[in-house]
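Notes follow once the structure below has been shown.
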Amino acid sequence: EPPRAADSLAALARLAASHGLMLGVEFMIYTSLPDLSAARALVQRAAQPNVRILVDTLHFMRSGAEPAALAQGADIARDFAQFSDAPARPHRAVRPGGEARAHRLLPGEGALPLTQIASRALVPGAMISVEAPSAVRRHHLDLDERASLAWRAAQSWHSTLQGHL
């Protein structure tokens, strides 16, 4: 129910604002908020200055959005985002929710236009989280190995990103 969702988001945003917090609305193609357009409509309807659209690179690209869409509008969160990588096309046997929860790649391992997204969406000094759950890595690598791999990938990608923000 879009009106109810917007009212609830607005109430939460007012509470968050009283604590100096921003809210990020994340869209996912397998939910009732499937794309950038739907997220924009919700944020606009909530009409709160501390609500922005959180860019999650997997959801953004799987929704069919183009990086150029990020340059438009004040509704995009410019100082925080979630990054992961993925093949250009999802595997036919993996449903969208399954890909999001267990089959992401670390930045630089896939084919998503991460640098283009970052350069259009983010400001220098933005907080970037790497969200790359992988059932395969969880099965084959212990926690220290996964953390080390993620750290090296994030550091490498950060170096690549530096010239683009």
Report summary line: Summing -39500 (n - 2.57) over every DSSP H run of at least 4 residues in the chain and dividing by its residue count gives a helix-only mean residue ellipticity at 222 nm, to the nearest 500 deg cm²/dmol, of -13500 deg cm²/dmol
Report task. Towards the positive end of the charge dipole of the chain, with charges on Cβ (+1 Lys, Arg; -1 Asp, Glu), say which of Leu122, Ala132, His103 has the farthest Cα. Result -> His103
Report summary line: Here, Arg101 and Arg78, labelled 7 Å along Cα→Cβ, have an inter-label distance in nm of 3.6 nm
**Report entry** Dipole in debye (nearest 20) - the range 78-165, about Cα centre, beta carbon charges: Lys, Arg +1; Asp, Glu -1
**Finding:** 340 debye
Requested in this report: Could you work out how far helix 143-162 tilts from the main Cα principal axis of the chain, as a 0 to 90 degree angle to the nearest 10?
Outcome: 70 degrees
**Report entry** Modelled FRET efficiency - R0 25 Å, Leu141 with Val94, Cβ distances, 0.05 increments
**Finding:** 0.80
Query raised in the report: Ignoring any ligand, DNA or RNA, what whole percent of the accessible area of the range 35-160 comes from carbon and sulfur when the probe is 1.4 angstrom?
Result: 54 percent
**Report entry** nm² value of the averaged projected area, convex hull over the Cα atoms of the range 1-123
**Finding:** 7.7 nm²
Report summary line: Across the alpha-carbon set of the range 57-165, Rg over Rh with Rh taken as the Kirkwood radius works out to 0.97
Report summary line: So for R0 = 41 Å, FRET eff. of Leu149-Arg45 from the Cβ-Cβ r, to 0.05, ends up at 0.50
Query raised in the report: Assigning unit charges at the beta carbon (Lys, Arg +1; Asp, Glu -1) and nothing else, what dipole magnitude in debye, to the nearest 20, does the chain show about its Cα centre?
Result: 200 debye
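The values are calculated or read from the model by the stated rules, or taken from the named source; none is laboratory data. Predicted model only: the values in this text are computed from it and were never measured. Glycine gets a Cβ as well: all are built from the backbone with ideal geometry, and neighbour counts include every protein chain shown. Each accessible area value is taken on the protein alone, full model and side chains, heavy atoms only, with ligands, DNA and RNA left out. Shrake-Rupley method; radii C 1.70, N 1.55, O 1.52, S 1.80 Å.
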